[in-house]
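Down below is the structure, laid out as structure tokens.
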Amino acid sequence: DSHTEFGEFLAAHGFAALTLDLRGHGESQGEMDANLLDDVGAALAFLEAHPLVDARRLFLRGSSLGGNVAIRAGVRYPQVRAVVAVCPAPEWLLLPWLESGQAVTQTRELGLSLHINAAGFADYLRSQDLRRNIACLSPRPLFLIQAKGDELVPYSSTQELYALAGEPTRLLLLDGGDHRSAQH
């Protein structure tokens, strides 16, 4: 539901758009765990097989945890031609959020549904380093977007990722805003 508006905008401008709830999110089955990237791979395979989709022009867009996932999936799946990451939440911010129980509490306060294998997902996050992975996306384009008023992901972390990314990379810092405003 958080990204339907953007998908509709893309569709109105001639793009094929697929929005999905990763495992454990919204109405998707299962629990959020270390296999999130498999969901993105399945979505990419679906798009590649669709007769109205130009499989040579696939890009990913994600916000917060989804921004993290979009970057990682862009590195894993060579058919991804570009990545847009909105306020990408790195694991060093996600781990305390998860381990404190705030992940479930905050998503419920936002009216979102989250089912999570907290221990398994925490182990996965400990094994990752977005700072190291982000440079591996190059030479595919990366567009980072961040609101300076984001209360969950400080814009300094996105600036750090920008500095570590290969080319071509663009960073758009928006004055004010909050964690959810930049995606709109």
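The values are calculated or read from the model by the stated rules, or taken from the named source; none is laboratory data. It should be emphasised that the depicted structure is a prediction, and the values quoted were computed from it without experimental measurement. Cβ atoms come from the backbone with ideal geometry, glycine included; neighbour counts cover every protein chain shown. These area figures cover heavy atoms from the full protein model, side chains too; ligands, DNA and RNA do not enter into them. Shrake-Rupley method; radii C 1.70, N 1.55, O 1.52, S 1.80 Å.
Odds and ends about this structure:
- Per residue, the range 6-58 exposes an accessible area of 64 Å² to a 1.4 Å probe, with every protein chain left in place.
- Surface composition of the chain: carbon plus sulfur atoms hold 53% of the accessible area, using a 1.4 angstrom probe and ignoring ligands, DNA and RNA.
- Area of Ser113 that stays accessible when all protein chains are in place (1.4 Å probe, Å², to 10): 50 Å²
- Cα gyration tensor shape for the range 114-184, rounded if a/c is under 1.5, else prolate or oblate: oblate
- For Arg61, distant residues with modelled amide H under 5 Å away: Val84
- Paramagnetic reach from Ala34 (point 7 Å along Cα→Cβ, amide N under 14 Å) across the range 94-122: 117-122
- Based on DSSP H segments of at least four residues, each scored -39500 (n - 2.57), the chain has a per-residue ellipticity at 222 nm of -11500 deg cm²/dmol.
- Ranking of Phe6, Phe15, Phe121 by solvent-accessible surface, largest first: Phe15, Phe6, Phe121 (1.4 Å probe, protein heavy atoms only, all chains present).
- Residues whose amide H lies under 5 Å from that of Ile116, counting only those 5 or more places away or on a different chain, are Met32; hydrogens are built 1.01 Å from N in the peptide plane.
- Of the GluC sites (Glu not before Pro) in the range 24-67, the ones in a loop by DSSP (not H, G, I, E or B) with at most 10 other beta carbons within 10 Å are Glu27.
- Shape category assigned to the chain from the gyration tensor of Cα positions, a/c cut at 1.5: rounded
- Computed over neighbours whose Cβ is under 15 Å from that of Gly177, the net charge equals -2, Lys and Arg +1, Asp and Glu -1.
- Rounded to 5, the percent of DSSP beta bridges in the chain classed as antiparallel: 5 percent
- Of the residues Arg81, Arg132, Arg72, the one with the largest accessible area comes first in the ranking Arg132, Arg81, Arg72, computed with a 1.4 Å probe on protein heavy atoms.
- Per-residue surface analysis assigns Val40 an accessible area of about 20 Å², computed on protein heavy atoms at 1.4 Å probe radius.
- Summing +1 for each Lys or Arg and -1 for each Asp or Glu among the other residues whose beta-carbon sits under 11 angstrom from that of Pro141 gives +2.
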